[in-house]
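These notes are about the structure you will find just below.
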């Protein structure tokens, strides 16, 4: 059996701002590049509304896929991504990526996010199923969660 080779870390949770802070801290500790998919999309596609109006929704989606496909080819990068983008582009990142799901408490998600409780369990289960590593974060502390992830990753990278 061939051993998996990983060259990037993808960090996802049901509260993107928290996973972005964790991914940024991890990239600093590991000497990796950091990329927020949200920020990259805003940089690459500066006026989404205008592009949608003048070109089409299909064209906008193709441009977003182009950006994600390009990002998936990067090496030595720690990426933060939203649940929605992750699910749209999972096939791009599943190869050569360690996918880390930060499982945050339901009450924290409800306070910080717009996700309804009905969809919480569905999304949580989907991320658990599609992740390489799941980190149960019961204490919302970036440093603590980052250290749990690094310990769990051990010699994977």
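The values are calculated or read from the model by the stated rules, or taken from the named source; none is laboratory data. Only a predicted model underlies this, so the values are computations on that prediction, with no experimental measurement involved. Positions of Cβ are generated from backbone atoms using ideal geometry, with glycine treated the same way; all protein chains shown enter the neighbour counts.
Can you work out which of the residues in the range 53-80 that are over 21 Å from residue 17 (Cα atoms) and in contact (Cβ under 8 Å) with a residue 24 or more places away in the chain is surrounded by the fewest Cβ atoms within 10 Å (Cβ to Cβ)? Within the range 53-80, the match that is surrounded by the fewest Cβ atoms within 10 Å (Cβ to Cβ) is 75.
Being at pLDDT below 90 and either within 25 Å of residue 64 (Cα to Cα) or not in a helix (DSSP H, G or I) (or both) is a property that residue 99 lacks. Taking the range 128-142 as the range and being closer than 22 Å to residue 32 by Cβ and either out of contact with any helix residue (DSSP H, G or I) (no Cβ under 7 Å at 6 or more places or on another chain) or modelled with pLDDT under 90 (or both) as the test, the residues that pass are 131, 132, 141. Specify the residue that is surrounded by the most Cβ atoms within 10 Å (Cβ to Cβ); the eligible residues are those in the range 81-96 that are outside any helix (DSSP H, G or I) and modelled with pLDDT of 90 or more. Result: 81.
Could you please give the count of residues in the range 2-12 that are at pLDDT below 95 and either part of a helix (DSSP H, G or I) or crowded, with 19+ Cβ neighbours inside 10 Å (or both)? Final tally of qualifying residues: 1.
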